[in-house]
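The values are calculated or read from the model by the stated rules, or taken from the named source; none is laboratory data. This one's a predicted model, so the numbers in the text were calculated from it and none came from an experiment. Methodologically, a virtual Cβ is constructed for each residue, glycine included, from the backbone with ideal geometry; neighbour enumeration extends over all protein chains shown.
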Amino acid sequence: MSEDRKCLIEARDLTVGYGDRVVLERVNFKVYRGEVFAILGASGSGKSTLLKHLIGLHQPVSGDVLISGASLVNAEGDERLAILRKFGVLYQGGALFGSLSTVENVRLPLDEFTELPENAKDLIALSKLRLVGLESAATKLPADLSGGMQKRAGIARAIVMDPCVLFLDEPSAGLDPITSAGLDALIGELAKGLGITFVMVTHELASIFSVADRVVVLDPKARGIVAEGAPAWLRENAEQLWVRQFLNRKVA
Amino acid sequence: MPANDSIPLALQWELTPGSGGVTKLSLRGELDSASTPTAWRELEKAFAGTKVTSLEIDASGLTACDSAGLSLLYFLSTGGMTPGATARMTGLGPELEHLFRSFSNEDFLALQDHEPACSSIVDDVGTATWNWLQDLREQIEFIGEVSMGIVTSIFIPRRMRWKEVIRVFEIAGVNALPIVSLLTFLVGMVIAFEAAQPLAQLGAQVFVANLLGLTMTRELGPVMAAIMLAGRSGSAFAAELGTMKVNEELNALQTMGLSPIQFLVVQRVVAGVLLAPVLTVFAMYAGLLGGIPVLLGLGFPLRMVLYQVQSGLHFSDLAEGLAKSIVFGGVVASVSCLRGLQTGEGPRAVGESTTRSVVSSILLIILSDAVFAAITYVLRK
């Protein structure tokens, strides 16, 4: 991996856990600008826990998360807010607000953080909905959308403030293969078209091989990263047999 | 030639009017979410009252542009600020073209035209009546099912999960004792204070003790305990069952061949019926204890106060209070469980069913209390 590329996110000796229970110990990795980076692992390996620490929802036991060189762990007040404004996050269920229509959900960050006129907010929200193919569902309530549509609306809301990086927590979970493939294609388009960096937590091998540039594999026994690299390369060359089996089993 | 370049800003723009209403707008610098709101307002002012037939937008001087900036460029290019004028944009970098293409005037106009569906009064009244009748039917069915569940539990005792009854009894009963006692203690104190003055004018201040004994035993003890049961435990029943419904746990029970009413509701109703009289007895005593310090303060000796309370109360008063409490306990537990089972879809549903459980419980408590008052009035005649 070329070190010339600009590092956007760095986990440095990151130890995470809940209370006394350490889930991951001294984890180190870098995410480069413009790439689609996947965090892979079996259930219970700490993927979602790691993601929550990367986006600042939890404080790590030790170590640091650097965003464009600035420490997220130690940042406070406006400095922390400025870092968080670079993020967009898609939660597993889309996390749309049930009382707001789809377009109002997407508009919400613009309403809260900008002083743009109403027309501008509507235009931006609708443009994001068009980007994810939901322009015709703008006035529908989240309850009237399918699971895949809710996730796409979640992506539209996550990108409405033009984030540098988009974190996706299990984007394909609960979706049928066709919808899942559509979502993968959307991620690819947004990464290439808008230059957004993606960090996705998943155990969907099809998604990883379809969109991810690089992947780290977490092992609950080792409590850390056991493999890192391009998915196709890891499938053939990962040091651990179980990683090769894990990556080969479903795509064979 | 309006321009905003008098002071150095992240964004600078210049309007150059030409002949025949042809106007050129040149933008330089950063057009982002920070600079766009100001630029939008200023440009609207600049275009107001200006006759523009053709607008040329030159974006080649922009060093940065985000979605907010693109929304302004799009609004200008579709004639949003210059109605009737033709607009042409040049100089937008290829990297922004993809984003710019995602803007659509068609979507924008469709959203502006969209009006939320508004139903007529006739529809609303019809729907409300239909819902009320449906609710009544569900309540009657529910009472039948719970009664059947209780009867089944009597004949097949293993169906009754006594561990669950004890758990509910502890959470809704034992843990509620302090707050029920405190509230009724204070209510007893308030009644004694409020009654002391008017009765003193009649020279009957000593009868405050009788009044306190009767009201706490017959009326306020059972009602206060039931209202606390509804607010504290009934809402918890509704939320618990509602969450189980949202999480499809009730579906899981049904597909296992288990009745949610037999499995979850009967235990709560039995616990409610058993614990309401216990709470009521505590409420009665706490209310009396609240009034005693006031009476002692008014100069009546403790023996006299206790004698007045004892002489003013009969077993029938206590029986009335306890009978009410049993009914209230059953009503609160049943209606709370029913509201929990009626929980709809989505995150708001649990909150709604919890609110409905408290409102329905309190309404039914007062309604049954009125029925009790009428019955006992006739019986005492």
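From the set of residues in the range B:85-141 that are among the basic types (Lys, Arg) and out of contact with any Asp or Glu (no Cβ under 8 Å at 6 or more places or on another chain), which is nearest to B:Ala333 (Cα to Cα)?
Going residue by residue through the range B:85-141, those that are among the basic types (Lys, Arg) are B:88, B:101, B:137.
From the residues that got through so far, the ones that are out of contact with any Asp or Glu (no Cβ under 8 Å at 6 or more places or on another chain) too are B:101, B:137.
Details: B:Arg101: 59, B:Arg137: 18 Å.
If we take residues in the range B:85-141 being among the basic types (Lys, Arg) and out of contact with any Asp or Glu (no Cβ under 8 Å at 6 or more places or on another chain), then B:Arg137 is nearest to B:Ala333 (Cα to Cα).
Within the range A:157-181, being among the acidic types (Asp, Glu) and either within 14 Å of chain B (Cβ to nearest Cβ) or touching a residue at least 60 places away in the same chain (Cβ under 8 Å) (or both) holds for A:Asp162, A:Asp169, A:Glu170. Among the residues of the range A:80-108, those identified as modelled with pLDDT under 90 and either in a helix (DSSP H, G or I) or more than 30 Å from B:Ala349 (Cβ to Cβ) (or both) are A:Arg80, A:Leu81, A:Ala82, A:Ile83, A:Leu84, A:Arg85, A:Lys86, A:Phe87. Just one of the numbered conditions (1) more than 19 Å from A:Leu110 (Cβ to Cβ); (2) more than 10 Å from chain A (Cβ to nearest Cβ); (3) not β-branched (Val, Ile, Thr) is not true of B:Ala64: (1). Candidates in the range A:100-109 are the residues that are over 19 Å from B:Glu115 (Cβ atoms) and either surrounded by fewer than 24 Cβ atoms within 10 Å (Cβ to Cβ) or over 22 Å from the mean Cα position of the chain (by Cα) (or both); of these, the one that is nearest to the other protein chains (Cβ to nearest Cβ) is A:Pro109.
Select from the range B:186-210 the residues that are crowded, with 20+ Cβ neighbours inside 10 Å and in contact (Cβ under 8 Å) with a residue 40 or more places away in the chain and list them in ascending order. Walk me through it before giving the result.
Step one: of the range B:186-210, the residues crowded, with 20+ Cβ neighbours inside 10 Å are B:187-188, B:191-192, B:195, B:208-209.
Result: B:Val187, B:Gly188, B:Ile191, B:Ala192, B:Val208, B:Ala209.
Any residue at all in the range B:116-127 that is touching a helix residue (DSSP H, G or I) at 6+ places or on another chain (Cβ under 8 Å) and either within 14 Å of chain A (Cβ to nearest Cβ) or of a type outside the set (Asp, Glu) (or both)? There is at least one residue in the range B:116-127 that is touching a helix residue (DSSP H, G or I) at 6+ places or on another chain (Cβ under 8 Å) and either within 14 Å of chain A (Cβ to nearest Cβ) or of a type outside the set (Asp, Glu) (or both). When A:Ala230 is tested against (1) among the small types (Gly, Ala, Ser); (2) closer than 17 Å to A:Lys47 by Cα; (3) without any contact (Cβ under 8 Å) to a residue 24 or more places away in the chain, only condition (2) is not met.
Could you tell me which residue of the range A:122-149 is farthest from A:Ala191 (Cα to Cα), considering only residues that are more than 7 Å from chain B (Cβ to nearest Cβ) and buried (at least 22 other Cβ atoms within 10 Å of the Cβ)? My answer is A:Pro142.
Quick check on the range A:110-121: of everything there that is more than 7 Å from every other protein chain (Cβ to nearest Cβ) and buried (at least 21 other Cβ atoms within 10 Å of the Cβ), which residue is nearest to A:Ile155 (Cα to Cα)? Before the answer, list the steps.
Residues of the range A:110-121 that are more than 7 Å from every other protein chain (Cβ to nearest Cβ), as a first pass: A:110-113, A:118, A:121.
With buried (at least 21 other Cβ atoms within 10 Å of the Cβ) added as a condition, the list becomes A:110, A:121.
Working: A:Leu110: 15, A:Lys121: 17 Å.
The residue in question is A:Leu110.
Check B:Glu30, B:Glu44 and return the single one that is in a helix (DSSP H, G or I), closer than 24 Å to A:Ile124 by Cβ and within 14 Å of chain A (Cβ to nearest Cβ).
B:Glu44
For A:Val73, the conditions (1) touching a residue at least 24 places away in the same chain (Cβ under 8 Å); (2) β-branched (Val, Ile, Thr); (3) surrounded by fewer than 19 Cβ atoms within 10 Å (Cβ to Cβ) all hold with the exception of (1). Criterion first (of a type in the set (A, V, I, L, M), more than 25 Å from B:Asn210 (Cβ to Cβ) and buried (at least 19 other Cβ atoms within 10 Å of the Cβ)) does B:Val359 satisfy it? No: the conditions fail for B:Val359.
Please enumerate the residues belonging to the range B:315-358 that are in a helix (DSSP H, G or I) and within 14 Å of another protein chain (Cβ to nearest Cβ). Walk me through how you get there before you give the answer.
Restricting attention to the range B:315-358, the residues satisfying the condition of being in a helix (DSSP H, G or I) are B:315-341, B:347-358.
The answer is B:Pro347, B:Arg348, B:Ala349, B:Val350, B:Gly351, B:Glu352.
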